[in-house]
Amino acid sequence: MKKTFLFFLLLLPLIVSAQTEKAFPDLIPYPQYVVKDAGIYQAKSDVLTYYSDLKGQQARDFDAHLATSDWKLRAVNKKSKADIFFQIDTVDPQLVNEESYRIEINKRGIMVSASTDAGLFYAYQTLLQVAEQTSTDVKTCNSLPFLKIFDTPRLGWRGWHMDVSRHFFDKAFLKRQLRNMARYKLNKFHWHLTDDPGWRIEIKRYPELTQKTAYRPQHLFTEWTAQGMKFCNAADPQAYGGYYTQDDVCEIVEFARKLHITVVPEIEMPGHSWEVLAAKPELGCTGKPYANGEMCIGNEETFVFLKNVLDEVLPLFPSAYIHIGGDEANRSHWEKCEKCQKRMQAENLKDVKELQSYLTRRIEKYLESKGRHLLGWDEIIEGGLSPNATVMSWRGEEGGIVSAQAGHDAVMTPWVCYLDNAQDDPRLEPRGVGGYVSLKKTYDYDPVPKVLNEKESKHILGIQGNVWAEHIPTPARAEYMIYPRIFAIAENGWTVPSQKSYTRFHHAAQRELDRLKTLGFRTFDLRYEHGDRKESLTPVRHKALGKKVTYNMPYSPKYVASGDATLVDGKRGTFNYQEGFWQGFETHDFDVTIDLDEVTDIHKVSACFMQRNDQWIWMPREVVISISDDGKNFTEIHREGCDIDPENPAVLFQYFTWEGNKRARFVRYHAIANGRVGGWLFTDEVIVE
Ligand code: ACM
């Protein structure tokens, strides 16, 4: 056992508890071991100096990174003259993982060791955060507290995904975020480069892709969809959009590489390709532009196109993984297409899911022939997973679990990792993608599902925070959505569960937000957080609790909540209709009868409904409340219309309530749907007082 490690064991009781409210140092992500000692190391001169073992390009990259950091350190060419010694240690078994590092600050100096430049880079990120908390001005920080840190990542994939198709984000924006990502030890940038609202990467062989689809007449994605999803030329006076030239891409990839971030490109196929078919309609089943967004899999030209695109994409991205999308294809187009049907016959494919798998397998084979691995959204499981595919699990955890159990690697990005959800009371927040995901919800997520055994768990490569840009039209809005939840993604990927503490993390997150604000980032502020829907925090007691509910119309099997007990269990819904407290009724009315067991004095009957028109959830058109003693003959006691505009895009909650004095055994609550086919009613409790 190495001497240093023995030292750690002896000091174990002194390990700075991650559970304390205000740990020093406040680090994001929190390391494996932090041991604080009494004492301060003071620089040999007024500036801290450093020496590193790194050579050649690695040394140049490392020095350049330190030179652009806020903390002014001076490089020296002799170990003996250095305050900080960045040492490469290929012997220490604890440093085998190339991202691990060790820091020891004592009266002799600051010793940093790692087996690679990546480990030293991460050690520096940690030291920098320590320095920022040691000195009021990090620039001039020339002393550091005695500390011992050993750190190693829990998971190897710690990602940030940015959709640059729905709205376009320039290189400067990306670089600003990438610098932060490195600070939080994120190491993958998933660049969502192509999608329905615009192709954003120059392909020299097909200039029409960007010429015809990188610009549109509306800035807002929602206006673009409302007005028929048409593109325009860059020269159009209304034109909004943009794309990255191949030189731009190289610049970002190189910028990221120096930050130890791998850029993983996503080229969507065969769905989410409205823009491809706008530029190259011959690749769609109908041959017409603006008809649908699914490439024709029966057409051999589709494969020629995809291979030609990949032939230009691969040299730009050294990433071992290439993301091919694969999500949300409307497969029904292939059912009606002669060429697709012919392909299915020729290849003996039993349905259109298998047809999509046929495309994925062919593309995988091609990528493998070039030494790359295919990565795709979890729909690629349907119809049979390609032999070596890695799955990005986004529709919950199921895709990741199934993949890991089948021996495939997976990256976890379920709903709580979607940073385009509102992060606070959605009634007060800018419009999000459809849910409420607080910092705590993201933080509490464990990317390694408990149902997996040890061997299967090894297939969980990591976690990723996804930013989709439907409702993110500006860099300021993007930063607001990213920070602070990306800190939680970073800590979930890096820090072992035993070192996690929301109290400690929350404090560190606010400190980090304050720092980002001074640097001009437009972040959320945890000081003003409201939290989840108040009604959901404490159970409600009322006369119908536990009573029998008869559903005159059934709830949807998609949103059963707690089944027949839901409306009388005292549990109120959170801001999210997906969390199992709201019961959903699709297309038809909500109509229930509650049996109170005996004739009872009643003073109030009330239920709350939700409106989220982006999710097709509406208020009832009208509510009718009736009572009965025999359960057969009902007397109407209340009828109430709704004055909320179905077009109102805000997240809304409204009670429909009768109050008075009556006696009855049965209460019927009937909420009449607004008549839109496919629309929903959602309610959580029928309260009888
Ligand atoms: C996705 O969110 N459609 C992957």
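The values are calculated or read from the model by the stated rules, or taken from the named source; none is laboratory data. Because the structure is a prediction, the values reported are computed rather than measured. All Cβ positions, glycine included, derive from the backbone under ideal geometry; neighbour counts span all protein chains shown. SASA here: full protein model, heavy atoms, side chains in, ligands and nucleic acids out. Shrake-Rupley method; radii C 1.70, N 1.55, O 1.52, S 1.80 Å.
Considering Arg74, Arg102, which residue is in contact (Cβ under 8 Å) with a residue 24 or more places away in the chain, in contact with a helix residue (DSSP H, G or I) (Cβ under 9 Å, 6 or more places away or on another chain) and of a type in the set (Lys, Arg)?
Working: Arg74 fails: in contact with a helix residue (DSSP H, G or I) (Cβ under 9 Å, 6 or more places away or on another chain).
Of the residues listed, the single one that is in contact (Cβ under 8 Å) with a residue 24 or more places away in the chain, in contact with a helix residue (DSSP H, G or I) (Cβ under 9 Å, 6 or more places away or on another chain) and of a type in the set (Lys, Arg) is Arg102.
Scan region 155-163 and tell me whether some residue there is at pLDDT 95 or above and open to solvent by 10 Å² or more (accessible area, probe 1.4 Å).
Looking for residues that are at pLDDT 95 or above and open to solvent by 10 Å² or more (accessible area, probe 1.4 Å), one finds at least one in region 155-163, hence yes.
Pairs, please: C-beta under 9 Å, at least 6 apart or cross-chain, first residue among the basic types (Lys, Arg) and in region 384-404, second not in a helix (DSSP H, G or I)?
Close Cβ pairs satisfying both conditions: Arg395/Asp327; Arg395/Trp377; Arg395/Pro414.
Looking at region 112-122, can you tell me whether even one residue there is in a loop (DSSP other than H, G, I, E, B) and buried (at least 18 other Cβ atoms within 10 Å of the Cβ)?
Yes, because at least one residue in region 112-122 is in a loop (DSSP other than H, G, I, E, B) and buried (at least 18 other Cβ atoms within 10 Å of the Cβ).
Considering each of Leu349, Leu359 in turn, give the residue that is more than 22 Å from Val411 (Cα to Cα), more than 16 Å from the ligand (Cβ to nearest atom) and either part of a helix (DSSP H, G or I) or not β-branched (Val, Ile, Thr) (or both).
Exactly one of Leu349, Leu359 is more than 22 Å from Val411 (Cα to Cα), more than 16 Å from the ligand (Cβ to nearest atom) and either part of a helix (DSSP H, G or I) or not β-branched (Val, Ile, Thr) (or both), namely Leu349.
Hand me the list of strands (runs of 3 or more DSSP E) wholly inside region 517-630 holding 3 or more residues that are out of contact with any strand residue (DSSP E or B) (no Cβ under 9 Å at 6 or more places or on another chain) and over 30 Å from Ala476 (Cβ atoms).
Strands (runs of 3 or more DSSP E) meeting the threshold: none at all.
Could you tell me which numbered condition Trp394 fails, if it satisfies all but one of (1) open to solvent by 10 Å² or more (accessible area, probe 1.4 Å); (2) within 13 Å of the ligand (Cβ to nearest atom); (3) over 17 Å from the mean Cα position of the chain (by Cα)?
Failed condition: (3).
Which one is surrounded by the fewest Cβ atoms within 10 Å (Cβ to Cβ), of the residues in region 362-387 that are more than 15 Å from the ligand (Cβ to nearest atom) and under 24 Å from the mean Cα position of the chain (by Cα)?
Filtering region 362-387 down to residues more than 15 Å from the ligand (Cβ to nearest atom) leaves 362-374, 383-387.
Then keep just the ones that are under 24 Å from the mean Cα position of the chain (by Cα); that gives 373-374, 385.
Working: His373: 16, Leu374: 25, Leu385: 24.
This residue is His373.
Since Tyr443 meets every condition but one in (1) surrounded by 21 or more Cβ atoms within 10 Å (Cβ to Cβ); (2) within 16 Å of the ligand (Cβ to nearest atom), which condition does it not meet?
Every listed condition holds for Tyr443 apart from (2).
Return the residue satisfying two criteria in turn: it lies in region 312-338 and is of a type in the set (Asp, Glu) and either more than 16 Å from the ligand (Cβ to nearest atom) or modelled with pLDDT under 95 (or both), and of such residues it is most open to solvent (accessible area, probe 1.4 Å). Outline the logic, then answer.
If we filter region 312-338 for residues that are of a type in the set (Asp, Glu), which is where we start, we get 312, 327-328, 335, 338.
Next, only the ones that are either more than 16 Å from the ligand (Cβ to nearest atom) or modelled with pLDDT under 95 (or both) stay: 312, 335, 338.
Details: Glu312: 37, Glu335: 113, Glu338: 156 Å².
My answer is Glu338.
Select from region 474-497 the residues that are open to solvent by 30 Å² or more (accessible area, probe 1.4 Å) and assigned to a loop (DSSP other than H, G, I, E, B) and write down the one among them that is farthest from the ligand (Cβ to nearest atom).
Val496
So, in region 241-272, how many residues would count as being within 16 Å of the ligand (Cβ to nearest atom), within 22 Å of the chain's Cα centre (by Cα) and either over 20 Å from Ala320 (Cα atoms) or not aliphatic (A, V, I, L, M) (or both)?
Looking only at region 241-272, we keep the residues that are within 16 Å of the ligand (Cβ to nearest atom), and these are 264-272.
Applying the additional criterion that residues be within 22 Å of the chain's Cα centre (by Cα) yields 264-269, 271-272.
Applying the additional criterion that residues be either over 20 Å from Ala320 (Cα atoms) or not aliphatic (A, V, I, L, M) (or both) yields 265-266, 268, 271-272.
The total comes to 5.
Any idea which residue in region 633-686 is farthest from His588 (Cα to Cα), counting only those that are polar (S, T, N, Q) and at pLDDT 95 or above?
Among residues in region 633-686 that are polar (S, T, N, Q) and at pLDDT 95 or above, the one farthest from His588 (Cα to Cα) is Asn661.
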